[in-house]
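These notes are about the structure you will find just below.
The values are calculated or read from the model by the stated rules, or taken from the named source; none is laboratory data. Just so you know, these numbers come straight off a predicted model, no measurement behind them. Glycine gets a Cβ as well: all are built from the backbone with ideal geometry, and neighbour counts include every protein chain shown. Only protein heavy atoms, including side chains, enter the accessible area calculation; ligands, DNA and RNA are left aside. Shrake-Rupley method; radii C 1.70, N 1.55, O 1.52, S 1.80 Å.
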Amino acid sequence: MSEPSESLLSVQGLEKHFPITKGLIKRQVGAVKAVDGLDFEVRKGETLGLVGESGCGKTTTGRLITRLLEPTGGKILFEGRDITHMSQGGLRPLRRDMQMIFQDPYSSLNPRHTVGAIVGAPYRIQGVKTEHGTKKAVQDILELVGLNPEHYNRYPHEFSGGQRQRIGIARTLALRPKLIIADEPVSALDVSIQAQVVNLLEDLQNELDLTYVVIAHDLSVVRHISDRVAVMYLGKIVEIADRKGLYEAPMHPYTNALLSAVPVPDVKGRTGRERIRLQGDVPSPINPPPACRFHTRCWKAQEVCKTVEPPLAELATGHRVACHFPENAPKDAVPGDAATQVPA
Ligand code: SF4
């Protein structure tokens, strides 16, 4: 983790609505609002953690940023350049700068290809000729991620889960990207292997000056690796702050509930935080609750929460939260937004 600097990626009002169609003529009768108006920045050299329950839209967000999905609204700027609707031809050079690590190291590697072919594929796709040839370049990357370069001709089934994820990471590094989106990079791995892969990601960041967006549902993993953390609920960001601010003084009730469920090894370390059990399921993104989307599950909800959508307001500390009644907020840090009030 390094000192954050200028913006590498800027996401403004990003939306992805998947149409629901009916009948032979496929008349649109609704939409799944998977991502519904996201605003955030990723600074060069930092790691932004993106967390939330399953189905909150975090994986869709990762796929939108890398343009594996076409946004239906908003803007994506990479190094100041608008890439929101860039053509596939225009995106090709961009694919060198932006890569994605997938969740499942078993299904994301072609079982019929050797490790050499998998990790070397980006060179062939991009038509890049390396100084010493592809084999040498691939072997160097295998060594970088802690794999034996002599295993160049082996197949994925000959490796363990952790080693397969290292192969996946090696593939993303082939073209020396600037930004890596890691979608649940360790959730499919044995707990004993998770720390090794997280440490590897950190070492690679320092060595290769990488910027990460790490998507995860596991708040312990995100805490370990992130400089800043964004919390998503039902297609929207409800809170975003630096790691210390978010974990030590969360302001959104939903963040509080998520953190209260994180197991802590030492009972003294609980600092009095009681487990908050959220009632009910996440509402459908086809028909999300009006105003504050969390109000159907929030124990603090009041009338205003059902009628006025709380903005993602920025406090003087840089901590941003979308709640009319944020917790842990110093009164003098709350902006003068009429919709955001701190209870006495
Ligand atoms: Fe709860 Fe209201 Fe805050 Fe929404 S705005 S999180 S319902 S207190």
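One table, with the values for the structure above:
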item	result
Fraction of antiparallel bridges per DSSP, the chain only, in percent to nearest 5	60 percent
Cut-off under 5 Å, modelled amide H: who pairs with Tyr233 long-range	Val238
Proximal aspartates and glutamates to Lys300, defined as alpha-carbon separation beneath 14 angstrom and excluding residues fewer than eight positions away on the same chain	Glu327
Per-residue ³J(HN,Hα) for segment 9-18, Karplus 6.51 cos²θ - 1.76 cosθ + 1.60, θ = phi - 60°, Hz, x for Gly and Pro	10, 10, 10, 10, x, 5, 9, 9, 10, 8
The chain, dipole about Cα centre (Lys/Arg Cβ +1, Asp/Glu Cβ -1), debye to the nearest 20	1100 debye
Unsatisfied cross-links (Cα-Cα over 21 Å) in the set Lys44/Lys136; Lys236/Lys306; Lys33/Lys178	Lys44/Lys136; Lys33/Lys178
Estimated inter-spin distance, Arg96 and Asn287, nm [label 7 Å along Cα→Cβ]	5.0 nm
Virtual spin-label span in nm between Tyr106 and Gln88, 7 Å along Cα→Cβ	3.1 nm
Highest-MSF residue in the chain out of Val222, Val128, Val35 [GNM, Cα springs under 10 Å]	Val128
The chain - convex hull of alpha carbons, volume per residue in Å³	166 Å³
Cα-based radius of gyration of segment 75-197 once divided by 2.2 N^0.38 Å, which approximates compact folds	1.10
Two-site FRET efficiency, Arg277 against Leu77, from Cβ-Cβ distance with R₀ of 51 Å, rounded to 0.05	0.80
Whichever aspartates and glutamates have a C-alpha closer than 20 Å to that of Lys26, once near sequence neighbours (fewer than 8 apart) are set aside	Glu70
Å² of accessible area per residue within the chain, as computed with a 1.4 Å probe and no ligands counted	48 Å²
Kirkwood hydrodynamic radius of segment 43-110, Cα pairs, Å	13.7 Å
Karplus-derived HN-Hα couplings along segment 100-112 (A = 6.51, B = -1.76, C = 1.60, θ = phi - 60°), whole Hz, x at Gly and Pro	10, 9, 8, 5, 9, x, 8, 8, 8, 10, 5, x, 8
Evaluated over segment 129-176, the Cα radius of gyration and Dmax, each in Å	10.4, 31
Apportionment of accessible area to carbon and sulfur, the chain, percent (1.4 Å)	50 percent
³J(HN,Hα) computed for each position of segment 65-81 - Karplus, 6.51 cos²θ - 1.76 cosθ + 1.60, integer Hz, glycine/proline x	4, 7, 6, 7, 10, 8, x, 9, x, x, 9, 10, 10, 10, 6, x, 9
